[in-house]
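Here's the structure, in structure tokens; my notes come after.
The values are calculated or read from the model by the stated rules, or taken from the named source; none is laboratory data. Please read these numbers as outputs of a predicted model, since none were measured by experiment. A quick note on method: Cβ atoms are made from the backbone with ideal geometry, for glycine too, and the neighbour counts reach across all protein chains shown.
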Amino acid sequence: MNNDNLLNRILECVEFGKVNRDASFPPHMKGMDGADELTRLALESGFKPSEILNNGLIKAMEKVGQKFAEKRIFVPQMLISARAMNASMVHLKPYFQSGEVKRKGKFIIGTVAGDLHDIGKNLVAMIVEGAGWEVIDLGVDVGSQKFIQALEEHNRAVVGLSALLTTTMHNMRNIVREIKSRHPEVTLVIGGAPVTEQFRMEIGADGYASDPQGAVTYLNSLVP
Ligand code: B1M
């Protein structure tokens, strides 16, 4: 199998939700290797984890989103694609997490209240951790109280908010306001597909990053 083929097959597994060889879904891929086996094979064949992530997994999710927008697939298919993406990410995670031992600081991250999307947030968490930060991941559907409680347990942490929906991005406004009113010294960085620098300015967050590397660059700029 040539290199392009292997990445394309991983892309296809995530696009159609083929988790592993044993999975009987989707029927047209029954008996074939899935995201699990092919990601392992790609790593053994020398592919860089970032190549698999950017040219396989993220491209697949773009296709899934496009098909959903065009009503060619529905929520269950998006979920099964997310499951296949996670089966692949399990293998990539150790590479992104093997950062320096000495920590640069603490980073609390969560997907905001009302929002259940966690793939992008997990990637940011993984890559920030790999860049030498201690990451406290609060999960999805996180409201201001949970962020404040975590801040009180983790002194001087930077807070990251992720949102994927045009509706839930507006929950960032309240969360930023409530955190800042209790802890004005806290630095907040926001991100997620619908979020922009313009929106960051409107809601008074300190930083905006469009991708995990942007979050790392912003966080590292805070370290003296
Ligand atoms: Co949903 N969904 N979804 N979904 N889903 C989107 C986001 C959507 C764009 C699809 C579409 O219509 N084309 C659309 C939103 C439309 C809008 O608001 N304008 C949508 C919708 C409508 C919905 C539901 C409302 C559908 C319904 O029920 N009718 C529903 C909402 C549920 C809820 O949250 N309350 C819903 C549900 C779901 C699933 C649960 C089925 C599943 C999520 C599973 C999971 O996450 N565990 C899902 C999925 C998979 C998607 C798509 C297809 C893929 C999202 C994804 O993982 N992308 C998505 C379409 C798309 O994005 N193409 C879609 C890959 C990921 C790597 O990218 O998350 O953008 P992303 O993260 C990036 C950057 O944004 C950035 O870095 C990441 C890596 O580059 N980033 C940050 C993210 N957070 C950051 C934080 C930072 C910095 C950077 O600093 C703190």
- Message: Can you confirm whether residue 182 is under 21 Å from residue 117 (Cα atoms), more than 12 Å from the ligand (Cβ to nearest atom) and at pLDDT 95 or above?
- Response: no
- Query: Could you say which residue among 123, 138, 161, 165 is farther than 12 Å from residue 191 by Cβ and within 7 Å of the ligand (Cβ to nearest atom)?
  - Reply: 165
- Message: I want to confirm something. Restricting to the range 196-210 and keeping residues that are surrounded by 15 or more Cβ atoms within 10 Å (Cβ to Cβ) and of a type in the set (A, V, I, L, M), which single residue is farthest from the ligand (Cβ to nearest atom)?
- Response: 203
- In the range 33-63, anything touching a Lys or Arg at 6+ places or on another chain (Cβ under 6 Å) and of a type in the set (A, V, I, L, M, F, W, C) is listed as 38
- Task: Would you mention how many residues in the range 141-158 are closer than 13 Å to residue 112 by Cα and either within 13 Å of the ligand (Cβ to nearest atom) or crowded, with 23+ Cβ neighbours inside 10 Å (or both)?
- Result: 3
- Do the conditions hold for residue 193, that is, is it of a type in the set (A, V, I, L, M), surrounded by fewer than 22 Cβ atoms within 10 Å (Cβ to Cβ) and near the ligand (Cβ under 10 Å from one of its atoms)? yes
- Task: With the checklist (1) at pLDDT 95 or above; (2) closer than 24 Å to residue 217 by Cα; (3) hydrophobic (A, V, I, L, M, F, W, C) in hand, flag the one item residue 165 doesn't pass.
- Result: (2)
- Those residues that are away from the ligand (no atom under 11 Å from the Cβ) and within 22 Å of residue 150 (Cα to Cα), I need them from the range 211-224; list them, please. 220, 222, 223
- Inter-residue pairs, beta-carbon under 6 Å, first more than 14 Å from residue 87 (Cβ to Cβ) and in the range 28-57, second assigned to a loop (DSSP other than H, G, I, E, B) and at pLDDT 95 or above, 6+ apart: 30/24
- Item | Single residue of 19, 90 found to be touching a residue at least 12 places away in the same chain (Cβ under 8 Å), surrounded by 18 or more Cβ atoms within 10 Å (Cβ to Cβ) and of a type in the set (A, V, I, L, M) | 19
